[in-house]
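Take a look at the structure set out below.
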Amino acid sequence: MTTLSDPPKSAFRIGMLLSDTRYRSYTFQFIALLAIILSVSYLVSNLLANLDRLGQDLSYEFLGAPAGYDINQQPIPYNSQDTHLRATVVGAMNTLIVAFLACVTATIFGVIAGVLRLSNNWIISKLMSVYVEIFRNIPVLIWLIIIFTVTANVFAPIAEFRIPRDGSDPARTLIFGVMAFTNQGVFVPRLTFEAGGMFVFWTFIASIIGIFVYKSYVKKHLFATGKELPFWLPALAILVVPTLVMYLVLGRPVGVQLPEMGRFRFEGGLQLRTSFIALWFALSIYTGAFIAENVRAGILAISKGQTEAAAALGIRPGRIMSLVVLPQALRVIIPPLISQYLNITKNSSLAIAVGYMDLTGTLGGITLNQTGRAIECVLLLMLFYLTISLLISLFMNWYNNSVKLKER
């Protein structure tokens, strides 16, 4: 009686790195990695050698020197005597603010336009088609310049808000006494924080996180028991009650500062400059046109049987779209949506065209020209945009995995 067994394994030989399929792929990967390392090493050594011949070296000491220039939009206190590092931080914050707001509003525009493109109303459907085709086929820089020019010329001059010397009423007054649209920007109320105010702010942020936690619990409870717990009223309580309690306990440390017209300009409040509004709106409506097509494709990818089955149960059309179609369409919408968010972040670097001081305007513009440290500034710019893009991709991929179909 004979027994079958695996053939004896041969000893490893150098030639097996190419002849044996078990090792061949690793060999080619190692060669490719080695070639990349050698290429990068050659470029870096060549760069350092050229800098040495020019009497220069890579140094970031210039970040500690006084910047010597002003920044018109300041999310944090800044003056011309602050360092280049603080100017860089201010520019980075301006970039993040406009990118975040543009992502939110572009998503709103895109979802609305994408849904309305499939409307049974012929006029609405065609209007949305015109919006999509016009805005996505014209470069965003052109839209940025157009919107900036319109906002700078349509809004009233700030001189019309000034009180005349004779004490009579000005030509224009604030809207509802709290807001003014001028050719220098929009003036809106501003939150002020006294001692303990940040505790109220972080309580509000924690309340928002608590709403998502409660939503996850409601979803798990529904899947486990088949019973739906109330959501909106408890969510409102989670959002308001802790923040209100913290606000009252700490002695009302958060206030509102209204804009008031002084002798020559508005004092107090928050100024949203024309350049900021133009950049925000241009990025939103331009990218919203692309998102609209992603939304439309996602909706069309859902079988009509889903809609018909929901309608047969007596669900209203609006509820069908929000509860049945869109949740399933997210699997198709989110992957290309990631690219659109990345495009918004990178296209925000066009801000210098309208004078909005983002990171490209501060670090990659004035700081670079004043210090002559082009390589260092460009490397920092690359690192910033690379980091932000990777973080956006990481978050959106996590969200994409959370909404995909999960088999039992």
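The values are calculated or read from the model by the stated rules, or taken from the named source; none is laboratory data. No experiment lies behind these values; they were computed from the predicted model shown. All Cβ positions, even for glycine, are placed from backbone atoms using ideal geometry, and neighbour counts span all protein chains on display.
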Pick from segment 17-73, criterion modelled with pLDDT under 80 and not in a helix (DSSP H, G or I), ranking: nearest to ARG86 (Cα to Cα): SER59
Test result for PHE231, over 30 Å from ASN153 (Cα atoms), modelled with pLDDT under 90 and surrounded by 13 or more Cβ atoms within 10 Å (Cβ to Cβ): yes
Options TYR78, TYR131: the member that is hydroxyl-bearing (Ser, Thr, Tyr), farther than 30 Å from GLY269 by Cα and modelled with pLDDT of 85 or more: TYR131
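Those residues that are of a type outside the set (S, T, N, Q), closer than 25 Å to VAL132 by Cα and buried (at least 22 other Cβ atoms within 10 Å of the Cβ), I need them from segment 253-279; list them, please.
PHE276, ALA278, LEU279
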Residue satisfying condition, being farther than 28 Å from LEU390 by Cβ, surrounded by 13 or more Cβ atoms within 10 Å (Cβ to Cβ) and of a type in the set (Ser, Thr, Tyr), within set TYR69, TYR60, TYR78: TYR69
Segment 361-375, residues that are surrounded by fewer than 21 Cβ atoms within 10 Å (Cβ to Cβ) and in contact with a Leu (Cβ under 6 Å, 6 or more places away or on another chain): ALA374
Residues (outside any helix (DSSP H, G or I), without any contact (Cβ under 8 Å) to a residue 12 or more places away in the chain and either under 21 Å from TYR399 (Cβ atoms) or charged (D, E, K, R) (or both)) located in segment 210-246: LYS227, GLU228
Residues of segment 237-270 classified as touching a Pro at 6+ places or on another chain (Cβ under 8 Å) and either within 22 Å of THR182 (Cβ to Cβ) or among the basic types (Lys, Arg) (or both), total: 10
Residues of segment 331-360 satisfying the condition of being more than 27 Å from GLN73 (Cβ to Cβ) and crowded, with 17+ Cβ neighbours inside 10 Å: VAL332, ILE333, ILE334, LEU337, ILE338
Candidate set from segment 167-209 (those that are of a type in the set (A, V, I, L, M, F, W, C) and part of a loop (DSSP other than H, G, I, E, B)); member that is surrounded by the fewest Cβ atoms within 10 Å (Cβ to Cβ): PHE176
Residue list for segment 102-146, filter: of a type in the set (A, V, I, L, M), surrounded by fewer than 17 Cβ atoms within 10 Å (Cβ to Cβ) and part of a helix (DSSP H, G or I): VAL104, ILE108, ILE112, ILE123, ILE124, LEU127, VAL130, ILE134, LEU141, ILE142, ILE145, ILE146
Enumerated helices (runs of 4 or more DSSP H) restricted to segment 255-333, each holding at least 1 residues that are within 21 Å of the chain's Cα centre (by Cα) and modelled with pLDDT of 80 or more: 274-300
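Each row is one residue, and each column tells you yes or no for (1) within 16 Å of the chain's Cα centre (by Cα); (2) part of a helix (DSSP H, G or I); (3) free of Cβ contacts under 8 Å to residues at least 40 places away in the same chain.
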position	(1), (2), (3)
LYS346	yes, yes, no
ILE375	no, yes, no
LEU379	no, yes, yes
LEU390	yes, yes, yes
SER393	yes, yes, no
